[in-house]
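Since the structure comes first, as structure tokens, the remarks are kept for the end.
The values are calculated or read from the model by the stated rules, or taken from the named source; none is laboratory data. Being a predicted model, the structure only gives us computed values, none of them experimental. Reconstructed Cβ throughout: ideal geometry from the backbone, glycine too, with neighbour counts over all protein chains shown.
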Amino acid sequence: MPDHVFQSYGVHRWGAGMFARLPNGDMGLVNPARPDAPAASLPVLLHALDARGIHTPVLVRVGAFLKRQLEALNTSFARAIEANGYQAPYRGVFPIKVNQQAEVIDRIVEYGRPYQFGLEAGSKPELILALSRDLPKGALLICNGIKDAEFIRLGILARKAGINCVLVIESPGEADTVIAEAKRLGEKPALGVRIKLTRRVSGNWADSSGDRSTFGLTTKEVVDLVEKLRAEDMLDCLVLQHSHLGSQVPQMMDIRQAVDEACRFYTELRRLGVPLTYLDLGGGLGIDYTGEARATDNSMNYTMEEYCANVVETVKYQMDEAEVPHPTLVTESGRAIVAYSSMLLSDILEASYFDRSAPTTPEADDHHMLSDMAAIVDYLSPRRLQECLNDAEYYREELRALFRRGVIGIEEVARAEQIFLYVVGRIKDVVAQTPDVPQEVLEELSAHRDIYRANFSLFQSLPDVWAIDQLVPIAPLQRLNETPTRRAVLSDITCDSDGKIDQFVLGDGVGNALPIHQLNAGERYFIGIFLVGAYQETLGDLHNLFGDTNIVTVDFNEDGVLEIQHEVEGDTVSEVMAYVEYEPKQCLDAFKRIVERGVQSGTLNPSQRRMLMETYRHALGGYTYYEHEEHTNG
Ligand SMILES: Cc1ncc(COP(=O)(O)O)c(C=O)c1O
């Protein structure tokens, strides 16, 4: 069976070999340790979860995918270091903000142990979390972000407990607090300095780079800091230079040039006598969300191996030129490690087909424009496609205006809508058989897409898709050996017109409609939204009070079988009510009093009252998402 359906979703381009089509058409997860073994079916997993009472939407994390990415990053750096004769190691850290969930952080610490992989904390809560995770000896704990005295104290004293904590000075004022705290404690901290690079990188996060970046010290401030530390006899504390390159940087050239500039600062600081030994390049290593391998916001024109090789090569060259010992290389790659490992799986609840209806005949006293619209099919031909489409749209608009002004009634406008659908359906038929259809016709027709409603909240689960037009791959999880006949936009279940996805990663680029199958009655239809492990889990909000989804962690066991290893139930209605300051028990009591009034006035009988209260109480403890009646949550 050819893979053209599977490939039409671009899985072979963005999936990095982690997903495969099973012979029955299911989407499967490939075991990175046994890539030739049959993949594990995602629909089978969803049915197994369902049987355990864990319903869609569910966020599935795959331990093996996390491990694979973490190993790939470390081994790529090790290979580049070896190949270039670089004289210092790589010691990466994971920026906690990219995915703070305990299951994720604990696995990163575990999988990173052989590589002395550390963590980056961008706030006091993240530091407190990081300090509790037994990091391997030698691993770094980099402290970024604005730090108060307590944060700094923790960072200084943690070193006494053997934790390799480095406090990165983010502003001139922070240096004073660090110096004061160090003196008060009589201890020398390990310090870093965040330097603002002047090079701006391209991409969605361009503003976090270059002069306009809000973080880091300017060149003058760096020089002042060096003198201040020297005067305080603390220059020996300054061991790390932090120069964050950006996030999701699509161009290799940008990375090279930014690394070049970072190296110039490093070698100059060494010349001033600063005993730097670590060069931290921050984030920036991208994910090819579209699989296009292009320098666009959601893609990248390089691979992880190329990134590592270029970084090592550039730093080596610059250091050798300046005769400076090679620094230990640090990066804070977040998305490159976690994006692949999480996917949001959901099901389609219903579809509104923008279909050609059966031919509808206007009634005798209908407005003449209904017959005019119906007559379009008489002159429809390949050469008059645009004209026919214009006419159909014109008549529909005019008839809608007549309805608004009270000239025609609801049945008449309903007939007009049917005729319109029929005419557009006929136009689509001609388009399908016509080469070189004008682009405008295709664009206009593509606006007439089906709407598939999926059980999730864009605002809760895919905030970057909503806020910054991030693209993430989406594909059905079954029937991948059956050509999809529909083209749809996806709508979520929030009652917000922004709660939709209308840009899709496809096998031949980005399109405005998702190829999807016609739903079969009585059959569940699952979809997967992939590469969502970075940033999405905690940025989400409670729009419409849709809470956290169910989460499961799965992994391949020693026999290569996919196991459910950990589950976290999503928020209940009571929980989300409590987040917005309602006390569920008080709501229940208040509702009881209101219902009782209904019984007193005779509008509600006692057994209806009981059913109403039971339903309310049950819903309070249930899932915030659409629940299929035969299996309610909790
Ligand atoms: C200081 C710092 N380090 C690391 C990262 C992680 O970047 P990425 O997820 O692109 O690797 C960020 C994100 O912007 C950041 O601000």
Can you name the residue in region 485-523 that is part of a strand (DSSP E or B) and of a type in the set (D, E, K, R) and is also nearest to the chain's Cα centre (by Cα) among such residues? Lys500
First in region 558-583 and more than 18 Å from His47 (Cβ to Cβ), second anywhere and of a type in the set (Lys, Arg), Cβ under 8 Å, 6 or more apart: Gly560/Arg34
Residues that are over 22 Å from Phe420 (Cβ atoms), at pLDDT 95 or above and in contact with a strand residue (DSSP E or B) (Cβ under 7 Å, 6 or more places away or on another chain): does region 292-306 have at least one? yes
Which count do you get for residues in region 4-20 that are buried (at least 21 other Cβ atoms within 10 Å of the Cβ) and of a type in the set (D, E, K, R)? 0
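Could you tell me which of the residues Ala78, Ala64, Ala121 is closer than 26 Å to Gly192 by Cβ and more than 16 Å from the ligand (Cβ to nearest atom)?
Details: Ala64 fails: closer than 26 Å to Gly192 by Cβ; Ala121 fails: more than 16 Å from the ligand (Cβ to nearest atom).
Result of the check over Ala78, Ala64, Ala121: Ala78.
Of all residues in region 439-459, which are in a helix (DSSP H, G or I) and surrounded by fewer than 15 Cβ atoms within 10 Å (Cβ to Cβ)?
Scanning region 439-459 gives Gln439, Glu440, Leu442, Glu443, Ser446.
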Conditions (1) surrounded by fewer than 17 Cβ atoms within 10 Å (Cβ to Cβ); (2) within 16 Å of the ligand (Cβ to nearest atom): number failed by Arg294: (2)
Subset of region 534-557 (residues that are buried (at least 16 other Cβ atoms within 10 Å of the Cβ) and within 19 Å of Leu45 (Cα to Cα)): Thr549, Asn550, Ile551, Val552, Thr553, Val554, Asp555, Phe556
Name the single residue that is modelled with the lowest pLDDT among those in region 359-375 being hydrophobic (A, V, I, L, M, F, W, C) and more than 45 Å from the chain's Cα centre (by Cα). Ala364
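Considering region 471-486 alone, what residues qualify as being farther than 20 Å from Ala339 by Cα and either free of Cβ contacts under 8 Å to residues at least 24 places away in the same chain or buried (at least 19 other Cβ atoms within 10 Å of the Cβ) (or both)?
Listed by number, the residues that qualify are Gln478, Arg479, Leu480.
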Against the definition (outside any loop (DSSP other than H, G, I, E, B), more than 13 Å from the ligand (Cβ to nearest atom) and touching a Pro at 6+ places or on another chain (Cβ under 6 Å)), how does Leu279 come out, yes or no? yes
Based on what the data block shows, is Val193 crowded, with 21+ Cβ neighbours inside 10 Å, assigned by TED's automatic domain parsing to the domain that holds Tyr289 and of a type outside the set (S, T, N, Q)? yes
Against the condition of a type in the set (Phe, Trp, Tyr) and either in the same structural domain as Leu46 (by TED's automatic domain parsing) or under 26 Å from Leu49 (Cα atoms) (or both), how does Phe530 come out, does it pass? yes
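Please indicate, with yes or no, whether at least one residue in region 141-151 is within 16 Å of the ligand (Cβ to nearest atom) and on the phi > 0 side of the Ramachandran plot.
So in region 141-151, the residues within 16 Å of the ligand (Cβ to nearest atom) come out as 141-147, 151.
When the remaining residues are screened for being on the phi > 0 side of the Ramachandran plot, the result is 145.
Yes: one or more hits.
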Does region 462-472 contain at least one residue that is under 39 Å from the mean Cα position of the chain (by Cα) and modelled with pLDDT of 95 or more? yes
Given the condition over 30 Å from Gly509 (Cβ atoms) and free of Cβ contacts under 8 Å to residues at least 40 places away in the same chain, answer yes or no: does some residue in region 268-281 qualify? yes
Return yes or no: is Ser247 touching a Phe, Trp or Tyr at 6+ places or on another chain (Cβ under 8 Å) and at pLDDT below 95? yes
Extreme residue, surrounded by the fewest Cβ atoms within 10 Å (Cβ to Cβ), among residues of region 326-348 that are part of a strand (DSSP E or B) and not hydrophobic (A, V, I, L, M, F, W, C): Thr328
Take the residues in region 109-145 that are of a type in the set (D, E, K, R), free of Cβ contacts under 8 Å to residues at least 60 places away in the same chain and not in a helix (DSSP H, G or I), then tell me which one is surrounded by the fewest Cβ atoms within 10 Å (Cβ to Cβ). Lys137
Determine whether region 219-237 contains at least one residue that is buried (at least 19 other Cβ atoms within 10 Å of the Cβ), modelled with pLDDT of 95 or more and not aliphatic (A, V, I, L, M). yes
Being more than 15 Å from the ligand (Cβ to nearest atom) and over 18 Å from Leu135 (Cα atoms): is that true of Arg107 here? no
Within region 465-484, residues over 22 Å from Glu443 (Cα atoms) and assigned to a strand (DSSP E or B) come out as Ala475, Pro476
Testing Tyr394 on (1) in a helix (DSSP H, G or I); (2) within 16 Å of the ligand (Cβ to nearest atom); (3) of a type outside the set (Lys, Arg); (4) out of contact with any Ser or Thr (no Cβ under 6 Å at 6 or more places or on another chain), one condition comes back false. Which one is that? (2)
Taking Val193 as meeting all but one of (1) farther than 30 Å from Ile468 by Cβ; (2) assigned to a strand (DSSP E or B), write down the number of the exception. (1)
Of the conditions (1) under 30 Å from Pro189 (Cβ atoms); (2) part of a helix (DSSP H, G or I); (3) touching a residue at least 12 places away in the same chain (Cβ under 8 Å), Ala309 fails just one. Which one is it? (1)
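Listed here are the residues, each with its yes/no results for (1) among the β-branched types (Val, Ile, Thr); (2) assigned by TED's automatic domain parsing to the domain that holds Asn301; (3) modelled with pLDDT of 95 or more; (4) in contact with a helix residue (DSSP H, G or I) (Cβ under 8 Å, 6 or more places away or on another chain).
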site: Pro2; (1), (2), (3), (4): no, no, no, no
site: Tyr9; (1), (2), (3), (4): no, no, yes, no
site: Ala16; (1), (2), (3), (4): no, no, yes, yes
site: Pro23; (1), (2), (3), (4): no, no, yes, no
site: Pro32; (1), (2), (3), (4): no, no, yes, yes
site: Ala39; (1), (2), (3), (4): no, no, yes, no
In region 75-108, what residues are of a type in the set (Val, Ile, Thr) and more than 21 Å from Gln565 (Cβ to Cβ)? Thr75, Ile81, Val93, Ile96, Val98
The conditions are (1) within 16 Å of the ligand (Cβ to nearest atom); (2) crowded, with 23+ Cβ neighbours inside 10 Å, and Cys263 fails exactly one of them. Which is it? (1)
Consider Ile427 carefully, then state whether it is of a type in the set (Val, Ile, Thr) and under 28 Å from Asn520 (Cβ atoms). yes
Take the conditions touching a Pro at 6+ places or on another chain (Cβ under 7 Å), in the same structural domain as Gly284 (by TED's automatic domain parsing) and more than 16 Å from the ligand (Cβ to nearest atom) and apply them to Thr314. Does it pass? no
